[in-house]
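The values are calculated or read from the model by the stated rules, or taken from the named source; none is laboratory data. Because the structure is a prediction, the values reported are computed rather than measured. Using ideal geometry, Cβ is built from the backbone for each residue, glycine included, and neighbour counts are taken over all protein chains shown. To get the accessible areas, we keep the full protein, side chains included, count just its heavy atoms, and leave off ligands, DNA and RNA. Shrake-Rupley method; radii C 1.70, N 1.55, O 1.52, S 1.80 Å.
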Amino acid sequence: DIYGLCERIQSSPDAVERAVHALISGGYRKQRITTVEVRFNPAKRNRSAEIDLDHVVLAACRAVDRASIEYPAVRAGVVLMCDRTFSVELNEVIVAKALRWRDRGVVGIDLGGPRPHPGRYDYTVHAPAFAEARAAGLGVTIHCGEDGDPTEIADVVESLRPHRIGHGVLAHVDDAVLAAVVDAGVVFEWCPTSNLRTGVFDSIADLAEAYRSMIASGARFTVSTDGPEMMRTQLRDEYSLLVAAGVLDEQSARAANQLAHDVSFAPTLR
C-alpha cells in the first residue's frame, strides 16, 4: 500500500515518527499489509524552517527501523515529496535530503501538490534533480493526471522518467498519452476511493469505464488507498470496490497485488 501522511499530523519530529510507525504497524496488524511506502513532504513538517529537515526525515526513518524490528515480515520505506507550489530550489533541497538518507530508509521521491498558477506546469525544471535521484537508485513517482490537461502525463514521462505515476487516470481520454505511458513501462498507482472522493470521476460506473479502457490498452497498475485515514478506506476495500465494479476479477486482483510488491521502492527483506 502507498500511504500519504495525513496533513493533520503535527509538525514535529516526534509526531512524524509516531504517525509513520502507526501507519506501518497498523497496516500490518489490521490488513496484513507487508509492503508499505509512506510518503510525505518534510518541508511541510518543519514549522516553516524552524526545525531542520534532517530531523524530520530521520524521524520517519526511525519509525521504519522500529516497525521493521517489531514486524520482520514487513518491507517499508519513506518517499519524500516535492511540491509544485515550492520553488525549484526548495524542491532540490528535498531531493538532496532523499539522496543523503537513502541508506537509512528513504527509498524514493515524488512530486505533487496543486499548480501554483493556472495552465500547464513546467516539469522540465526538475529534470536534473530527479535524474540524479534516479541514477542514485531512488524510485521516482509523480502525482499527475488527476486534473488539468491529460497531455501533462506525457510531459512527465518524457522529462522526469518516472517509474510510476500517482493516479494518472486522465490518460484514458487520450490514446497517444496512454500509449506513451505503456511504452515507457511506467506503472499507474490507482486509488479508486480517492478518485471518487476528489471528484475525478462522478460515479463508480465512470471510474470503471476509465479503468477498463486503460487495462485494455495494456496499462500496468497497482491498487492503493492514498491514505486509509485520509480517505476512510482500507486496501482490502479498494480491491473489493474494483471487483464489484467489474474492473477486476480474483485473478487480475491478485496479479495487481503481486505487481505492487514487485515494483515497490521498499527494500527487499534479507
- Are any of the residues in the stretch 131-140 small (Gly, Ala, Ser), open to solvent by 10 Å² or more (accessible area, probe 1.4 Å) and in contact with a helix residue (DSSP H, G or I) (Cβ under 9 Å, 6 or more places away or on another chain)? yes
- Is there a residue in the stretch 250-258 that is open to solvent by less than 10 Å² (accessible area, probe 1.4 Å) and within 20 Å of the chain's Cα centre (by Cα)? yes
- Note on the structure: Taking the stretch 56-69 and keeping residues open to solvent by 90 Å² or more (accessible area, probe 1.4 Å) and more than 11 Å from residue 17 (Cα to Cα) leaves 69
- Query: Hey, does the stretch 218-234 have a residue that's more than 18 Å from the chain's Cα centre (by Cα), of a type in the set (A, V, I, L, M) and open to solvent by 80 Å² or more (accessible area, probe 1.4 Å)?
  - Reply: no
- Return the pairs, sorted by first residue and then second, in which the second residue is of a type in the set (Gly, Ala, Ser), the first residue lies in the stretch 190-210 and is open to solvent by 70 Å² or more (accessible area, probe 1.4 Å), the beta carbons are less than 7 Å apart, and the residues are 6+ apart or on different chains. 204/245
- Query: Within the group 187, 182, which residue is of a type in the set (A, V, I, L, M) and touching a residue at least 60 places away in the same chain (Cβ under 8 Å)?
  - Reply: 187
- Item | Residues of the stretch 176-218 that turn out to be part of a loop (DSSP other than H, G, I, E, B) and in contact with a Phe, Trp or Tyr (Cβ under 6 Å, 6 or more places away or on another chain), as a count | 0
- Message: Being open to solvent by 10 Å² or more (accessible area, probe 1.4 Å) and either farther than 26 Å from residue 128 by Cβ or assigned to a strand (DSSP E or B) (or both) is the filter here; which residues of the stretch 142-162 pass it?
- Response: 143, 147
- Task: Please tell me if residue 165 is open to solvent by less than 10 Å² (accessible area, probe 1.4 Å), part of a helix (DSSP H, G or I) and in contact with a strand residue (DSSP E or B) (Cβ under 8 Å, 6 or more places away or on another chain).
- Result: no
